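Okay, structure first, notes after.
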Amino acid sequence: MSTAANRIQGHDDLRRDFGALLLRVLLGSLFIAHLYWKVALLPGGLHAWWQGLVGAGYPDFVPAYVLSAEVFGALFLIPGVMTRYVAIFAIPMMAGAAQFWLARTGFYFTRSGAELPLVWLALLILQFVLGDGAFASVSSPVLRISRR
């Protein structure tokens, strides 16, 4: 490979790594803000949120999983701790949130619909694909796909 091609590849790697870092910080910040809303701003707090999901027919493990995915996202995405695994852990939660709001209020964000959870879902998938990015403190192990 020529020197120019190496430089271009190096710039592409740098852009990808910093893009993944920015996405990590964005998602982690959103998880922090969402947890703050759930704990401090929502009337009735965490208990009211939990009871709302159980009252909607979900078993207790669902709010427990949702809360754990949000806490992992808030604590581990910004510093870059096992980013790929945190993203893949949160993906089913966000797919479930999209389904929850789609069934109740429809698609559009203006009616608290599924539009925003679908954006979060796409960002989590993108984070999984991009990986840890720059300045990750604990890198995700490389996923190897065997081709036979």
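Taken together, the values in this text are just the output of simple stated rules run on the coordinates, not laboratory data. Because the structure is a prediction, the values reported are computed rather than measured. Cβ: placed from backbone, ideal geometry, glycine included. Neighbour counts: every protein chain shown.
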First check a/c for the range 45-84, with a ≥ b ≥ c the square roots of the eigenvalues of its C-alpha gyration tensor; if it is under 1.5, answer rounded, and if not, answer prolate when a/b is larger than b/c or oblate otherwise. prolate
Computed lengthening from Leu116 to Leu102, 0.36 nm per intervening residue step minus Cα-Cα distance: 4.0 nm
If each residue of separation counts as 0.36 nm, what is the full-extension length gain between Tyr36 and Asp60 once their alpha-carbon separation is subtracted? 6.5 nm
Long-range amide H contacts for Val81: which residues qualify at under 5 Å (H placed 1.01 Å from N, peptide plane, sequence gap of 5 or more or a different chain)? Ser137, Val138
Within 10 Å of each residue's Cβ, count the other Cβ atoms and sort Trp101, Trp37 from fewest upward. Trp37, Trp101
Of Leu26, Leu123, Leu42, the one that fluctuates the most in a GNM where the chain has Cα springs shorter than 10 Å: Leu42
Explain nothing, just compute: Karplus ³J(HN,Hα) = 6.51 cos²θ - 1.76 cosθ + 1.60, θ = phi - 60°, for every residue of the range 27-33 in order, whole Hz, x for Gly and Pro. 4, x, 5, 5, 5, 4, 4
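What value, in deg cm²/dmol to 500, does the helix sum -39500 (n - 2.57) over DSSP H runs of n ≥ 4 give at 222 nm once divided by the residues of the chain? Intermediate results must be reported in sequence, preceding the final value.
Working: 5 runs with 100 residues, N = 148.
It lands at -23500 deg cm²/dmol.
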Neighbour-count ranking [beta-carbon atoms within 10 angstrom, fewest first] of Val86, Val62: Val62, Val86
Taking the 0 to 90 degree range and rounding to the nearest ten, how far is the long axis of helix 61-76 tilted relative to the main principal axis of the chain, both from C-alpha atoms? 40
Counting only C-alpha contacts under 8 Å and six or more residues apart, can you give the relative contact order of the chain as a whole percent? 29
Given (i) 1.07; (ii) 1.56; (iii) 1.13 as candidate values of Rg/Rh (Cα atoms, Kirkwood Rh), which corresponds to the one derived from the coordinates? (i)
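Summing +1 for each Lys or Arg and -1 for each Asp or Glu, what net charge is found among the other residues whose Cβ lies under 14 Å from the Cβ of Leu143?
Numbers: positive: Arg84, Arg144, Arg147; negative: Asp132.
Net charge in that neighbourhood comes out at +2.
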